[in-house]
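S.K.: Sharing a structure here in C-alpha cells format.
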Amino acid sequence: MSERQAEHLEQPVDGEAEDEGRPTPEERRAWRVAALRLVRQYPDPALRNAATAVAEVDDEVQQLAERMLDVMERAHGVGLAAPQLGILRRILVYRASDEDEPKVLINPELVERSDETEVGTEGCLSLLGGELQVPVARHRRVRVSGRDASGDAVDMDVEGFEARVIQHEIDHLDGILIFDRAEDQERREALRELRLRAG
C-alpha cells in the first residue's frame, strides 16, 4: 500500500543537518526508484494469484520479511505483501505511521470485522508506483490473527488507518487489487488510467 508521501521523508529530523550522515533527498528518491523496480506492477500475474500459507517460520521466511520491510521503507510505502515481490506466500509487512514499529504478519486472517465501514482513498505500490488513487470502502475495525516474524501467535484488534492497511495487504494475498473493491465508475476510471499509462 502507498499512502505515505515522500516529502516528509525528505526533511531533516529534529534539526539534524543532512551533512551529518543523513541521506539527501536525491538519495532517497534514488532508493525509491530502485525499490519500485522490485515491486511487481499490474498486470503482472503474481498480483492475481492467491498466496499459499507458510508452513514454518524459518530463517528463509524471516529473511524474506526483512527484505520486504526494506523494500517497503525505501519505496515510501506503508505496506507490502509477498506477492508484490512475485513470491506467493502469505506474508505481509506494514508500518501505519512513522511513530509505529514496522510489523510482520504471517498467515494473517481477519477473524472479526466491524459492521461499520468507511470509504478512503488508497494507493498501491503495484499500481503506477502508488500514483493511482482509488476510493475503497473498508471495515473500520478488524481483529486479525496470525504469526509474527518470530513465529509467535498474534491476535490483535485494530482500527482506523491500521485496519485499512491490513485489509489492503490481505487482499494482495488473495489476488485482489484496490480497483476490484471500487464502485463501477471508479473501477472503470482506474483501469482506463492504467491502460493509458501502460500504452
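S.K.: Out of all the residues in the range 168-194, which are among the small types (Gly, Ala, Ser) and surrounded by fewer than 18 Cβ atoms within 10 Å (Cβ to Cβ)?
M.R.: 175
S.K.: Here's a follow-up. Taking the range 122-140 as the region of interest, how many residues are part of a loop (DSSP other than H, G, I, E, B) and among the hydrophobic types (A, V, I, L, M, F, W, C)?
M.R.: Total meeting the criteria: 4.
S.K.: Sticking with this one: When you check residue 50 against the structure, is it touching an Asp or Glu at 6+ places or on another chain (Cβ under 8 Å), surrounded by fewer than 20 Cβ atoms within 10 Å (Cβ to Cβ) and among the aliphatic types (A, V, I, L, M), yes or no?
M.R.: Considered against the rule, which asks whether it is touching an Asp or Glu at 6+ places or on another chain (Cβ under 8 Å), surrounded by fewer than 20 Cβ atoms within 10 Å (Cβ to Cβ) and among the aliphatic types (A, V, I, L, M), residue 50 comes out as yes.
S.K.: Here is a list of conditions, (1) in contact with a strand residue (DSSP E or B) (Cβ under 7 Å, 6 or more places away or on another chain); (2) in a loop (DSSP other than H, G, I, E, B); (3) under 16 Å from residue 169 (Cβ atoms), and residue 146 meets all of them except one; can you say which number that is?
M.R.: Among (1) in contact with a strand residue (DSSP E or B) (Cβ under 7 Å, 6 or more places away or on another chain); (2) in a loop (DSSP other than H, G, I, E, B); (3) under 16 Å from residue 169 (Cβ atoms), the lone unmet condition for residue 146 is (2).
S.K.: Right, next: Within the bounds of the range 132-142, is there any residue that is in contact (Cβ under 8 Å) with a residue 60 or more places away in the chain and out of contact with any helix residue (DSSP H, G or I) (no Cβ under 9 Å at 6 or more places or on another chain)?
M.R.: Scanning the range 132-142 turns up no residue that is in contact (Cβ under 8 Å) with a residue 60 or more places away in the chain and out of contact with any helix residue (DSSP H, G or I) (no Cβ under 9 Å at 6 or more places or on another chain).
S.K.: Here's something else I'd like to know. Being more than 22 Å from residue 175 (Cβ to Cβ) and in contact with a strand residue (DSSP E or B) (Cβ under 7 Å, 6 or more places away or on another chain) is the requirement here; does residue 23 meet it?
M.R.: no
S.K.: Only one residue in 151, 129, 123 is over 20 Å from residue 75 (Cβ atoms) and either in contact with a strand residue (DSSP E or B) (Cβ under 9 Å, 6 or more places away or on another chain) or modelled with pLDDT of 95 or more (or both). Which one?
M.R.: 151
S.K.: With respect to residue 97, determine if the residue is farther than 27 Å from residue 43 by Cβ, out of contact with any strand residue (DSSP E or B) (no Cβ under 7 Å at 6 or more places or on another chain), part of a loop (DSSP other than H, G, I, E, B) and among the small types (Gly, Ala, Ser).
M.R.: Taking the combined requirement at face value, the residue satisfies it.
S.K.: Which one is surrounded by the most Cβ atoms within 10 Å (Cβ to Cβ) among residues in the range 114-141 that are hydrophobic (A, V, I, L, M, F, W, C) and within 17 Å of the chain's Cα centre (by Cα)?
M.R.: 124
S.K.: Then there is this: Output the residue which, of all residues in the range 169-190 that are touching a helix residue (DSSP H, G or I) at 6+ places or on another chain (Cβ under 7 Å) and in contact (Cβ under 8 Å) with a residue 60 or more places away in the chain, is farthest from residue 133 (Cα to Cα).
M.R.: Among them, the one singled out is 173.
S.K.: Hey, another quick one. How many residues does the range 76-95 hold that are surrounded by 24 or more Cβ atoms within 10 Å (Cβ to Cβ) and either of a type in the set (S, T, N, Q) or on the phi < 0 side of the Ramachandran plot (or both)?
M.R.: 11
S.K.: Another one. Residue 150: surrounded by fewer than 14 Cβ atoms within 10 Å (Cβ to Cβ) and in contact (Cβ under 8 Å) with a residue 60 or more places away in the chain, yes or no?
M.R.: Yes.
S.K.: Which residue, of 165, 104, is crowded, with 19+ Cβ neighbours inside 10 Å, touching a residue at least 40 places away in the same chain (Cβ under 8 Å) and part of a strand (DSSP E or B)?
M.R.: The conditions single out 104.
The values are calculated or read from the model by the stated rules, or taken from the named source; none is laboratory data. Predicted model, so just to flag it, every value in this text is computed and none were measured. Every residue, glycine as well, gets a Cβ built from its backbone with ideal geometry; the counts of neighbours run over all protein chains shown.
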